[in-house]
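Student: Structure provided below as structure tokens; questions to follow.
The values are calculated or read from the model by the stated rules, or taken from the named source; none is laboratory data. Note that the structure is a prediction, hence the values are computed from the model and not measured. In this analysis, Cβ positions are derived from the backbone assuming ideal geometry, glycine residues included, and neighbour counts consider all displayed protein chains. For accessibility, only protein heavy atoms count, side chains too; no ligands or nucleic acids. Shrake-Rupley method; radii C 1.70, N 1.55, O 1.52, S 1.80 Å.
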Amino acid sequence: QLQLQPVIASGDTRAARELFASYAGARELAGMAVYAADGTLIEARGAHPVSLPPGSADLRNHEGHFSAIADIESRGGRMGRLYLSFSTKAADDSRRRDILIAGAAGSIVVMCALLLAVRTSRRIARRLVRIADAANRMARGDLSQPLPDDTSKDEIGALSRSFNAMV
């Protein structure tokens, strides 16, 4: 706004062009314009309304863009308005990328949890199958092969030790 005060005071399109050129590389800035107090265009670049009548608060927001209007008063008391149109593409792309990363990370965590659950359940199942096999052998009268010592401090280890003591 401060840089545009001389443009508003004199209607100097060349000064406005030079100022706008310094913002030409901004990816998010889709358009900018400066208007006189009566709404006539002094200078513009990119997407902008043809005129901006006084009192107009129409920000012209639409899919992929957000616009803002600011009043400018020059030192001499002349009024004008600045119009800026910003592209939301960079923010939308960043949001999409963040969602994909979060989804991928969540999927990896779920897959790791499933893998861990499968390995753990298989390990438990193998230990229980060994106990069941020994119980079947004992039921047939074969007492020659006790279970291998299960030194685990969990419930299945306690069951195995109890079974061996019984044999």
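Student: Looking at the stretch 61-87, which of its residues are touching a residue at least 40 places away in the same chain (Cβ under 8 Å) and not aliphatic (A, V, I, L, M)?
Tutor: Matches in the stretch 61-87: GLU73, SER74, ARG75, GLY76, ARG78, GLY80, ARG81, TYR83, SER85, PHE86, SER87.
Student: Take ILE72 and decide whether it is open to solvent by 100 Å² or more (accessible area, probe 1.4 Å) and of a type in the set (Val, Ile, Thr).
Tutor: no
Student: Does LEU82 satisfy being on the phi < 0 side of the Ramachandran plot and open to solvent by 70 Å² or more (accessible area, probe 1.4 Å)?
Tutor: no
Student: Could you give me the residue pairs with C-beta distances under 6 Å whose first residue belongs to the stretch 17-28 and is touching a residue at least 24 places away in the same chain (Cβ under 8 Å), whose second residue is open to solvent by 50 Å² or more (accessible area, probe 1.4 Å) wherever it lies, and which are 6+ apart or on separate chains?
Tutor: As it stands, the answer is PHE20/ARG45; GLU28/PHE86, since those pairs meet every condition given.
Student: Something else now. Please work out if ILE156 is open to solvent by 60 Å² or more (accessible area, probe 1.4 Å) and aliphatic (A, V, I, L, M).
Tutor: no
Student: Ok, one more. Return a yes/no flag: does the stretch 105-115 have any residue that is among the small types (Gly, Ala, Ser), assigned to a helix (DSSP H, G or I) and more than 28 Å from the chain's Cα centre (by Cα).
Tutor: Within the stretch 105-115, none of the residues are among the small types (Gly, Ala, Ser), assigned to a helix (DSSP H, G or I) and more than 28 Å from the chain's Cα centre (by Cα).
Student: Further, regarding this structure: Please find, among ARG75, ARG126, the residue that is of a type in the set (D, E, K, R) and either assigned to a strand (DSSP E or B) or within 30 Å of ALA44 (Cα to Cα) (or both). Give the steps one after another, and end with the answer.
Tutor: Values: ARG126 fails: either assigned to a strand (DSSP E or B) or within 30 Å of ALA44 (Cα to Cα) (or both).
Answer to the selection: ARG75.
Student: Among the residues of the stretch 1-49, how many are among the acidic types (Asp, Glu) and in contact with a His (Cβ under 9 Å, 6 or more places away or on another chain)? Before you say what the answer is, go through the steps one by one.
Tutor: At the first step, the residues of the stretch 1-49 found to be among the acidic types (Asp, Glu) are 12, 18, 28, 38, 43.
Filter once more, keeping what is in contact with a His (Cβ under 9 Å, 6 or more places away or on another chain): none.
Summing the residues that are among the acidic types (Asp, Glu) and in contact with a His (Cβ under 9 Å, 6 or more places away or on another chain) in the stretch 1-49 gives 0.
Student: Can you find a residue that is open to solvent by 40 Å² or more (accessible area, probe 1.4 Å) and not in a helix (DSSP H, G or I) anywhere in the stretch 89-96?
Tutor: no
Student: Then there is this: Across the stretch 41-68, which residue is modelled with the highest pLDDT among those that are hydrophobic (A, V, I, L, M, F, W, C) and open to solvent by 40 Å² or more (accessible area, probe 1.4 Å)?
Tutor: LEU41
Student: Name the residue that is nearest to LEU84 (Cα to Cα), counting only residues in the stretch 1-40 that are open to solvent by less than 30 Å² (accessible area, probe 1.4 Å) and assigned to a loop (DSSP other than H, G, I, E, B).
Tutor: Filtering the stretch 1-40 for residues that are open to solvent by less than 30 Å² (accessible area, probe 1.4 Å) and assigned to a loop (DSSP other than H, G, I, E, B), the one nearest to LEU84 (Cα to Cα) comes out as LEU4.
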